[in-house]
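These notes concern the structure reproduced below.
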Amino acid sequence: PLPEPTLIDITAQALPVSANATSNVSPVHEDPDEFIRRYYGLIRDHEYDVTFDLLSPDFKARNHGPSKGGFQAYVDWWDSIATVEVWSADVDYDYTTIAKVTAVIHYEKKTGSQYEDTVHFQLVWDEARKTWLIDATPFT
């Protein structure tokens, strides 16, 4: 007969952690191309308060400051779009704290007109929030 298997309780084997311990391992974060897909998915769901927060402070200052209508102008523009799809998103580079993604975005306006645009997104990593932020596009 075979011996009985031995069960080991790994939860009881916690390792002590020093209060001053640091790690050289970078936290795993979302791939930049997946961030772009998620951003546009949130746009499709009309989660504009969330997507506006995924724009860097510099991007907002350049493109959505008070003189340019702020958050309401952002919402109004996206409300003019019936559908938006990411047809492709490719990482040009990812240096952990900055990245560039080239994406082909297809827009259909509520007026019925359609167009696609190749957009080069410059992203910055927000360590405090553990997310990418859109920092620049060709128009900024």
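Legend: calculated FRET efficiency, His120 to Val50, from the Cβ-Cβ distance at R0 = 22 Å, rounded to 0.05, equals 0.45. Extension gain for Val104-Asp79 works out to 7.0 nm (0.36 nm per residue, less the C-alpha to C-alpha distance).
Between Thr97 and Ala61, the modelled label-to-label distance comes to 1.8 nm, taking each label 7 Å out from Cα in the direction of the beta carbon.
Neighbours of Val75, meaning other residues whose beta-carbon lies under 12 angstrom from its beta-carbon, give a summed charge of -4 when Lys and Arg score +1 and Asp and Glu score -1.
Just so you know, all these numbers are worked out from the coordinates, no wet-lab data involved. From a predicted model like this one, the values you see are computed outputs, not experimental measurements. Methodologically, a virtual Cβ is constructed for each residue, glycine included, from the backbone with ideal geometry; neighbour enumeration extends over all protein chains shown.
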